[in-house]
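So the structure is just underneath, and the comments pick up after that.
The values are calculated or read from the model by the stated rules, or taken from the named source; none is laboratory data. Remember, predicted model here, so these are calculated numbers, not experimental data. As a convention, Cβ positions derive from the backbone with ideal geometry for all residues, glycine included, and neighbour counts pool all protein chains shown. Ligands, DNA and RNA are excluded from the accessible area calculation, which covers all protein heavy atoms including side chains. Shrake-Rupley method; radii C 1.70, N 1.55, O 1.52, S 1.80 Å.
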Amino acid sequence: MAYNIVAATNENTVVTEYEPVKKRSDQYQSEAALEAELIKLLCEQGYEYLDIHCEEDLIKNLRTKLSELNHYEFSDSEWDRFFYGCISNPNESIGEKSQKIQESNVQVLKRDDNLTKNITLIDKKNIHNNRLQVINQYVIGKEQGAKYDNRYDVTILVNGLPLVHVELKRRGVPIREAFNQIDRYQRDSFWAGSGLYEYVQIFVISNGTHTKYYSNSTRFNAIKDAKSARTKKGENQ
């Protein structure tokens, strides 16, 4: 199913819908082609594509989007306090970051004049105020403290925060491989740098034929269950 935007306002989007012509492919679709097709579909539905591949640009975009959402221009010192104290606090766990998105989506900024201002991360009352963007081939590696250099497939940003991550494999590759890759990213690099990828709430895995999605908490439970099963298997041998 594909959609083309007819008109868009701050409150709603009107799209057309059509059924694509079904045809049998005589070869497997490559991972790059699958990625390009996904990004195209998202852009047709109103997502903004960003040519962002490094953490510095990701943080700059986050500052811009939070400024737009809150109608407030951060000074450099205010942004540093808010970013490193609230968003990228190294003492916060993945669970605490998830709680911030799901329940404490309004955070307090201490301004330069010593007054305070509420800063909304996600507007849950007026969801049309949130801005959706998509990036691909984002790179984080040893320079940011990661164990290995990693390149992520597709990430959806909400007001600049990476909240949905999509990992793709070419057609014919078992979808489990995409799940395992996300597991490796969590172990090797999601926490690296400013740890922004620890805000991801939903993971999507697909090989073009089969697609699954799961929450951050579901992933942890699945990994825990898999490790427990391997341990029991080893004890029984």
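Positive end of the charge dipole of the stretch 33-137 (Lys, Arg +1 and Asp, Glu -1 on Cβ, about the Cα centre): tell me which of Q107, L42, L58 has its Cα farthest that way.
Q107
Let me see the P(r) profile for the stretch 25-177: every Cα-Cα distance counted, bins of 5 Å, each bin given as a percent of all pairs.
The distribution over the stretch 25-177 is 2, 8, 15, 18, 19, 15, 10, 6, 3, 2, 1, 0, 0, 0, given as percents.
Can you report the principal axis dimensions of the stretch 84-130 using only the alpha carbons, biggest first, rounded to whole angstrom?
31, 27, 13
To the nearest 20 debye, what charge dipole does the stretch 99-156 have about its Cα centre, counting +1 at the Cβ of each Lys and Arg and -1 at the Cβ of each Asp and Glu?
That gives the stretch 99-156 a dipole magnitude of about 120 debye.
Got a sec? Which residues in the stretch 80-112 would a label at E56 touch, if it sits 7 Å along Cα→Cβ and we count backbone N under 18 Å?
Hits in the stretch 80-112 for E56 at 18 Å: 80.
Put a dot 7 Å past each Cα toward the Cβ at H128 and A33; how far apart are the dots in nm?
The modelled label-to-label distance comes out at 3.9 nm.
How much length is gained if the chain between T211 and V106 is pulled fully straight, taking 0.36 nm per residue apart and subtracting their Cα-Cα distance, in nm to one decimal?
Gain on stretching T211 to V106: 34.5 nm.
Which GluC sites (Glu not before Pro) does the stretch 71-128 hold that lie in a coil by DSSP with at most 11 other beta carbons within 10 Å?
E73, E103
Roughly how many whole Å is it from the C-alpha centroid of the stretch 41-100 to that of the stretch 114-136?
Using only Cα atoms to place each centre, the spacing works out to 9 Å.
Can you divide the C-alpha Rg of the stretch 122-211 by 2.2 N^0.38 Å and report the result to two decimal places?
1.15
What accessible area per residue, rounded to a whole number of Å², is obtained for the stretch 29-140 using a probe radius of 1.4 Å?
That works out to 54 Å² for each residue.
Quick check: net charge around L121, other residues with Cβ under 15 Å of its Cβ, Lys/Arg +1 and Asp/Glu -1?
+2
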